[in-house]
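Encoded as structure tokens, the structure appears first; notes follow it.
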Amino acid sequence: MKLYQNEISSATSRVRIALALKGLMAEALPVTILGENSESRQAGYRSINPEGLVPALLTDSGVLITQSLAIVEYLDEIKPEPPLLPDTAEGRAQARSIALAIAAEIHALLPPRIGLHLGKVFQADADAITAWNRHWVGEGMAAVEAMIAGHRQGAFAVADQPGIAEIFLFPQAISARRLGFDLARWPNIAEIVARLEAIPAFQENAPAPRQ
């Protein structure tokens, strides 16, 4: 397998964590994502992934899978152990709800292309873009905290083992901390992240800081 990735990308981090938990290997193919002239915005990469986003996984059979949730679930299907989804229908739905709350409602508003658009169309400077990011991270993480608190029964967000919910939560929490948030404001998230930081698959595959 080959993984088109960027180490600052929290979406890439999700897939790298899943690969590590599964004990699977993928050749890393770096793609730059910052700036107007980034590789992700060029025709060469768009011919591979029309969305121009990372990550994208090229399977051993030559099929390209985009979107981190689809990639993580694919990895869970090709190597079922350890499972990344709970064993009940309700648990699986709850885990996916948390993952999608992060991927679709928080992260979707934060990628570099959003900042570029805010700057070009609305003349937003770096401080304004940071304020934008902090607003949506703060609002979104508060909602995720409430979702977890409403049904948490185990050591992690949904169960006693980390899975898809945590794979999506961990990189977003690390990014929130780098934006200046104290995770203690979200006590369930803070406790779960502290547990995850002791697990090599998570700690070693956190998104890299932006330079």
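Things to note:
- Checked against (1) assigned to a loop (DSSP other than H, G, I, E, B); (2) among the hydrophobic types (A, V, I, L, M, F, W, C); (3) open to solvent by 20 Å² or more (accessible area, probe 1.4 Å), residue 104 passes all but a single condition, namely (1).
- Unmet requirement for residue 84, which otherwise passes all of (1) open to solvent by less than 30 Å² (accessible area, probe 1.4 Å); (2) under 25 Å from residue 210 (Cα atoms): (2)
- Candidates 167, 148, 192 - the one that is assigned to a helix (DSSP H, G or I), under 16 Å from residue 69 (Cβ atoms) and either open to solvent by less than 10 Å² (accessible area, probe 1.4 Å) or in contact with a helix residue (DSSP H, G or I) (Cβ under 6 Å, 6 or more places away or on another chain) (or both): 167
- Whichever residue in the stretch 33-47 is of a type in the set (A, V, I, L, M, F, W, C) and over 25 Å from residue 74 (Cα atoms) and, among such residues, is surrounded by the fewest Cβ atoms within 10 Å (Cβ to Cβ): 43
- If you go through the stretch 120-145 and keep only what is of a type in the set (Gly, Ala, Ser) and more than 17 Å from residue 104 (Cα to Cα), you end up with 124, 126, 128, 131.
- Here 52, 62, 35 are screened, and the one residue that is within 17 Å of the chain's Cα centre (by Cα), assigned to a loop (DSSP other than H, G, I, E, B) and at positive phi is 52.
- Just one of (1) open to solvent by less than 50 Å² (accessible area, probe 1.4 Å); (2) more than 25 Å from residue 174 (Cα to Cα); (3) of a type in the set (D, E, K, R) fails for residue 60. It is (1).
- Restricting the stretch 8-32 to residues that are in contact with a strand residue (DSSP E or B) (Cβ under 6 Å, 6 or more places away or on another chain) and in a strand (DSSP E or B), the residue that is farthest from residue 75 (Cα to Cα): 29
- Any chance residue 96 is in contact with a Leu (Cβ under 6 Å, 6 or more places away or on another chain), part of a helix (DSSP H, G or I) and either open to solvent by 50 Å² or more (accessible area, probe 1.4 Å) or within 28 Å of residue 26 (Cβ to Cβ) (or both): no
- Within the stretch 185-211, residues that are without any contact (Cβ under 8 Å) to a residue 60 or more places away in the chain reach partners that are open to solvent by 30 Å² or more (accessible area, probe 1.4 Å) and among the charged types (D, E, K, R) with beta carbons closer than 7 Å, at six or more positions or on different chains, in the pairs 188/152; 203/197.
- Restricting attention to the stretch 143-164, the residues that are over 15 Å from residue 187 (Cβ atoms) and of a type in the set (Phe, Trp, Tyr) total 0.
The values are calculated or read from the model by the stated rules, or taken from the named source; none is laboratory data. Treat the numbers as computed from the prediction; the structure is a model and nothing was measured. We place every Cβ from the backbone using ideal geometry, glycine too, and count neighbours over all the protein chains shown. SASA here: full protein model, heavy atoms, side chains in, ligands and nucleic acids out. Shrake-Rupley method; radii C 1.70, N 1.55, O 1.52, S 1.80 Å.
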